Amino acid sequence: MDFLQPTSWADALAVCAERPDAVAIAGGTDVMVDLNFDRRRPGALLDLGRVADLREWTAEDGWVRLGAGVPYARIIDDLGAELPGLAMASRTVGSPQIRIRGTVGGNLGSASPAGDAHPPLLAAGAVVEVASAARGARRIPVAEFYTGVKRNALAPDELIAAVLVPTAAGPQQFCKVGTRNAMVIAVSAFACALHPDRRAVGTGIGSAAPTPRRAPEAEEFLAGELESAGLWDSRGALPETLARAFGERVAAAASPIDDVRGSAAYRRHSLSVMARRAATWAWSDLRKAA
Amino acid sequence: MRITTTVNGTEHEVDDVWPGESLLYVLRERMGLPGSKNACEQGECGSCTVYLDGEPVCSCLVAAGQAVGREVITVEGLATEGQLHPLQQAFVECGAVQCGFCTPGLLVAAHDLLARVPGPSELEIREALAGNLCRCTGYEKILDAVRLAADRQAQA
Amino acid sequence: MSTDTGTRITATTTAGRVGDSPLRPDGTLKVTGEFAYASDLWHDDMVWGVTLRSPHPHARIRGIDITEALTVAGVTAVLTADDVPGENAFGLEHADQPVLAAEFVRYEGEPVALVAADHPETARRAAQRIRVDYEVLPAVTDPRRAMDDDAPAVHRPGNLVRHLPLRRGNPAARAPVVVSLDFEVGMQDQAFLGPESGLAVPAEDGGVDLYVATQWLHVDQRQICLALGMPPEKVRLHLAGVGGAFGGREDLSVHVHACLLALRTGRPVKMSYGREESFFGHVHRHPAWMTYEFGAERDGSLVYARARTVLDGGAYASSTAAVVGNAGTLGLGPYRIPNVTVDAYGVFTNNPPCGAMRGFGCVQTAFAYEALMDELAAAVGLDPVEIRLLNGMREGDTNITGQVVDSAAPVAELLQIVRDMPMPPPADTSDIRACPGAVCNTTHGEGVVRGVGYSVTYKNVGFSEGFDDFSTARVRLEMAGGEAVATVHTAAAEVGQGLITVQQQICRTELGVERVVVHPTNTAVGSSGSTSASRQTYVTGGAVKAACEAVRAVVLARAALFLERPAAELGLDGEKIVGASGEVLTGLAEVLGDDAVEETVEYRHRPTHAVDPETGQGAAHVQFAFSAHRAVVDVDVELGLVKVIALDTAQDVGKAINPDAVVGQIHGGSAQGMGLALMEEIVVTDGHVRNPSFTDYLIPTILDMPSMQVKVLEYADPHAPYGVRGVGEPPTISSGPAVAAAIRAATGKPLRRVPIRPEHITGT
């Protein structure tokens, strides 16, 4: 096994193209588990830890450009105002030690349906920027990035450069069910984002389908009901029946399975509860901001 | 491959490292520093916690090559000039050590907490140490030890 | 203090003796990372051993081809069953398990072959190249079907390990109030943090020295000798640092395997399991299926109890028979019940082997009888504490095997203590870390209901049913560098509980010496028995105390000659020989000179007795230890998520030799019982383990644990040294049922299975 350690993004892309047998590693919180447990033996490790660009984030034009190598701990510390949903999700990842090393780029690269970053990225309407030496950069809306169970839209010679996340225009929430109070993989997860500027609602469902996914009908339903009740303008109270109906529609958008962590029926049920509560909290935050 | 890393203030150079080895393996099996522990090797227990460039990480999840040129501090580096760090002293005094397998990782994680938050609340301590499993103590005396060390450092 | 030898001691210093809480002597090494656990051992020239395991729960081995594995560069040996020189069999109660599978594999993970190589990675690659030709066979995976006539046989002649019937009083007793339930307890794992490890070093005499983390050196030695075909003088065991045990190290793991590879290669061999392999490498707690019925008068006093318990022993016998013994004889709880019908079964299946885990058969049954006591309370209009006060045992009562509980049985007092402890305040929901789900942000208080639950249980301490249990201690007293030094040498495994500290404290108390050296633990001294059954402080403590008394008697006999006074008038206080009023008469240095006084004593407690095979009646146990818990939980009833807010307890420990260590054991045991109630289960489907990792076998983190108020009672057992009662297991038994009861109180759901999953609470 070779160890390849480029020090620039251009070098990283070149190596990635030359070595299709290389596995990219940044924080190592997924890749090293496979190595330690003898599940993967790639021909090479492509260490992205010395590519400084990947660890930077910038704010421009209402977007945050989050380098693929920014660890969760920094998202929590630095981006709580700009990306509240992602910051809340980051706080639930693994353990403090994991959060110092783990990255959104890694979460996207692994594309596990249980990844904690995915629901808030979907709810916010993020865009993933990937690049190859041969074709340069391209952007993929995050909802199109997940192509199957632990599969993503990356071509074999591409690496993830950054994820572009709209700066929050309104309140965001993230909830995750686990059978322990810390250091737990999601049994189910839900994120929502209110976009009062567009009078839209964003959602993201985790661990309840082959891929992370939005609940588009639930989004349209809630946005529409808020519109027809004049609530976007009045910022009046969110009726409990509306929150409940939203929750049911979110649950209906899931395609969960039974596995060792939970049953499909429970996953659906928990999504309806989380969505109801998250919408209620987000709407309440919106009212307070007014 | 060759690994050159500063560990506990001393530069170590090791040859013939297989690139798939973790920093934990290199510390334990090649550098003669078995203080960091291997209870799970998947980042789910914290027993391998070390400082990497000043931040506490699971060394089982750091590839050996990623530690090249970096500064590592392990449990073996917490005491200075033969004097136990106040946290180490507090762990012994409070009975926070039973089998002790979790202790090295906990000491590094707690050391980091007290460096950032000198007077942590109970919930702050619990959240900061939630990545370190202990099977023997039920954590109660570990909390006592962290609070005792925090008090002593505040008075020093 | 009077002693068997009639001599006297006079204490002049108070530090570090019985009743104090001196610091553990290995504490500094553990906090500096210098303490050598078995997985830290290193030897020049060592090679690594790796185990190939069966992927099938049940299969016949048609052949094993190792030729390709042998060609891997760096491999120094590949071994199979044919390479076992002695008996290819081991086991704690029956030698029914092969060292390496020969004709059959009977559980997923059973060892089939061994590889030694210069790097663990090389050894693993070579193991993957061993070709095993399996013929997969039908597996028995439902223990309730294992005793059916048409069940495939795991072993000949059948799948029953033990049936313990218990009959007392009137089998046809009736009562006006009857409650019953079925209860299921899932398979818990000890989940000790230190992985199985050992280092075997071949010796010049053709034998081997094995450094290993374990719970009973001598029982390991006996089994290794049988497998290697060697006498004990050639198989020397040394205790390496143990990273927790909780019953999971009573059976062999790396022991014979490492010795075989060492003897074959002529090189030291290190074997160390990773966490995943560890889940396959040791026995687990027996899962249990129980049907219980209580009949009572209208005031709630128990008239009869019936219980049927099936324990899934998995593929090999391990200590299943003894676990069945406990589940039967102690399985109705610390209550007075005149008429009793109990049938406890342990069966073979092709599921993972089960054996000892802290609590040993009492944990599972406690969930059933404590849930049923709450049912009875509701049926007669009493609260959970009142029903237990009414029916609780007292000193002098007879238990369900007809044994008199002949020392304190403070059931009522323990319950009253926990009932009266201050309750925690309501949760501060402004910090989500205080809510169920914590930072996962599932509730800000919505749906949260608080519940309180109680449990009181008891456990036997020590080995039972006539087992000849003993411990051996060698104590040596001499002057060194002008100071009196005692050395204590036992084979008793320190696994974290603080036994080495207790040994020092006893020596200081009995001999008056300040400096006590704990000799390395090995088989050069006689057996100390198992570090299990909460017995070591009692039995090895008793041996150390007796050895000290013997040393003291010899010293004072010499002093008597030296001083020309009767020994009965003299006392030993460290470096001083004192008279009747404590006056110093001479120094130990004068009496001993350069001589050392050394005594080795074997200590036994009073005998226990087998129970009648038809009625289960007999004085089966050495000692009983009682504990009670009160649990307070907050439950998000819509999501089924639980946060334990308080887990308070009271326990009678007889005499707290080291009060701080006693409390530490109570904290830890409470956490393990809570873990079983809430989250811990090895999930087995069709004989396959679905969750062999810490990702999905969850044990409590510091954010799951509540604060714990602990009250320790000290009602001496007059038969035990210093009056001690075993401490380690009782908290693991009363904690889980209290948590389950609290969740029932919060949700109104019957909850007849642990661990309780969110689905059980939400009903989805």
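The values are calculated or read from the model by the stated rules, or taken from the named source; none is laboratory data. Quantities reported herein were computed from a predicted structural model and do not represent experimental measurements. Every residue, glycine among them, receives a Cβ derived from its backbone with ideal geometry; neighbour counts consider all protein chains shown. Keep in mind that these areas ignore ligands, DNA and RNA; they rest on the heavy atoms of the full protein, side chains included. Shrake-Rupley method; radii C 1.70, N 1.55, O 1.52, S 1.80 Å.
Quick notes
- Mean accessible surface per residue for region A:83-200, computed with a 1.4 Å probe while every protein chain stays in place, in Å²: 28
- Largest to smallest in accessible area, the residues C:ARG144, A:ARG135 fall in the order A:ARG135, C:ARG144 (1.4 Å probe, all protein chains included).
- Chain C shape via C-alpha gyration tensor axes, a/c threshold 1.5: oblate
- Were the residues from C:ASP420 through C:ALA172 laid out at 0.36 nm apart, the gain over their Cα-Cα distance would be 85.4 nm.
- Given charges at Cβ of Lys, Arg, Asp, Glu: region C:516-588 dipole, positive-most of C:GLY541, C:ALA557, C:GLY571: C:GLY541
- With all protein chains modelled, accessible area of C:HIS609 [1.4 Å, Å²]: 90
- Taking θ as phi - 60° and the Karplus parameters 6.51, -1.76 and 1.60, the scalar couplings of region C:113-121 work out to 8, 10, 10, 10, 8, 7, 9, x, 4 Hz in sequence order, x denoting glycine and proline.
- Take the Cβ atoms of C:HIS444 and C:THR600, set R0 to 41 Å, and the FRET efficiency comes out at 0.05.
- A 1.4 Å probe run over the protein chains yields, for region C:470-604, 32 Å² of accessible area per residue, whole-number rounding.
- Peptide B:101-110 has a mean shielding of 4, counted as Cβ atoms of other protein chains within 10 Å of each residue's Cβ.
- Distance (nanometres) between label positions extended 7 Å along Cα→Cβ at A:LYS288 and C:GLU34: 5.3
- Residues of region A:158-181 whose accessible area (probe 1.4 Å, heavy atoms of protein chains only) drops by at least 50 Å² once all protein chains are present, relative to their chain alone: A:THR179, A:ARG180, A:ASN181.
- Counting Lys and Arg as +1 and Asp and Glu as -1 over every other residue whose Cβ lies under 13 Å from the Cβ of B:GLN88, the net charge comes to -1.
- Accessible surface, per residue, of region B:3-77 when the full set of protein chains is kept, probe 1.4 Å, Å²: 27
- The string of couplings for region A:230-244 from the Karplus curve (6.51, -1.76, 1.60, θ = phi - 60°) is x, 6, 4, 8, 6, 6, x, 5, 7, x, 4, 5, 5, 4, 5 Hz, one whole number per residue in order, with x for Gly and Pro.
- Of all DSSP-defined beta bridges confined to region C:239-346, some 55% are antiparallel rather than parallel.
- Between C:GLU297 and B:LEU123, the FRET efficiency from the beta-carbon distance, with R0 = 41 Å, is close to 0.25.
- Protein-only accessible surface order, largest first, of A:TRP57, A:TRP283, C:TRP42 at 1.4 Å: C:TRP42, A:TRP57, A:TRP283
- Three-way shape call for region A:12-115 based on the alpha-carbon gyration tensor, with the a/c threshold at 1.5: oblate
- Positive minus negative residues near C:CYS362 (Lys, Arg vs Asp, Glu; Cβ under 13 Å): +1
- Summary value for region B:3-77: 40 percent relative contact order, contacts being C-alpha pairs under 8 angstrom separated by 6+ residues.
- When B and C come together, around 4400 square angstrom of accessible surface is lost from both chains combined, probe 1.4 Å.
- Simple spin-label estimate for A:SER234 and A:ALA81 gives 3.3 nm between the two label positions (7 Å along the Cα-to-Cβ direction from each Cα).
- C:ASP636, B:ASP151, C:ASP660, ranked by accessible area, largest first (probe 1.4 Å): B:ASP151, C:ASP660, C:ASP636
- Take the accessible area of C alone and of A alone, subtract that of the pair with a 1.4 Å probe, and the total buried over both chains is about 3100 Å².
- Dipole axis of chain A (+1 Lys, Arg; -1 Asp, Glu on Cβ), positive-most option in A:VAL201, A:ALA253, A:ALA265: A:ALA265
- Dipole check for region C:494-610: with +1 at the C-beta of Lys and Arg, -1 at the C-beta of Asp and Glu, and the Cα centre as origin, the magnitude is about 560 Debye.
- At least 30 Å² accessible surface lost relative to isolated chain, residues of region C:411-445 (1.4 Å probe): C:ARG433, C:VAL439, C:CYS440, C:ASN441, C:THR442, C:HIS444
- Where only DSSP H runs of four or more residues are counted, chain C gives -7500 deg cm²/dmol as its mean residue ellipticity at 222 nm, each run worth -39500 (n - 2.57).
- Relative contact order, percent, chain B [alpha-carbon distance under 8 Å, six or more residues apart]: 23
- Dipole moment magnitude, nearest 20 debye, the protein assembly as shown about Cα centre, only Lys, Arg, Asp, Glu C-beta charged: 2140
- Label point of C:GLU87 set 7 angstrom out along Cα-Cβ; within region C:461-498, amide nitrogens under 19 Å from it belong to C:468.
- Using a probe of 1.4 Å, the accessible surface attributed to C:TYR335 totals some 0 Å² when neighbouring protein chains are kept in position.
- Look at the stretch A:258-264: the mean tally of other chain Cβ atoms within 10 Å of its residues' Cβ atoms is 4.
- Total accessible surface hidden between A and B, rounded to 100 Å², 1.4 Å probe: 2400
- Carbon + sulfur, % of accessible area of the protein assembly as shown - ligands and nucleic acids excluded, 1.4 Å: 50
- Other protein chain Cβ atoms within 10 Å, averaged over every residue that makes up A:30-42: 6
- Estimated at the nearest 10 Å², the accessible area of C:HIS667 is 10 Å² with a 1.4 Å probe.
- Cross-link reach is defined here as a Cα-Cα straight distance under 14 Å, omitting same-chain residues fewer than 8 places apart; for A:LYS288 the aspartates and glutamates meeting it are A:ASP233.
- Violating pairs (Cα-Cα greater than 31 angstrom) within the set B:LYS141/C:LYS459; C:LYS234/C:LYS270; C:LYS459/C:LYS749; C:LYS30/C:LYS711; C:LYS576/C:LYS711; A:LYS150/C:LYS270: C:LYS576/C:LYS711; A:LYS150/C:LYS270
- Computed from the C-beta positions of C:ASP406 and C:SER707, the FRET efficiency with R₀ = 30 Å rounds to 0.25.
- Each residue of region A:110-122 was assigned a 3J(HN,Hα) from its phi angle through the Karplus curve 6.51 cos²θ - 1.76 cosθ + 1.60 (θ = phi - 60°); the sequence is 6, 6, 6, x, 8, x, 6, 6, 4, x, x, 5, 5 Hz, with glycine and proline shown as x.
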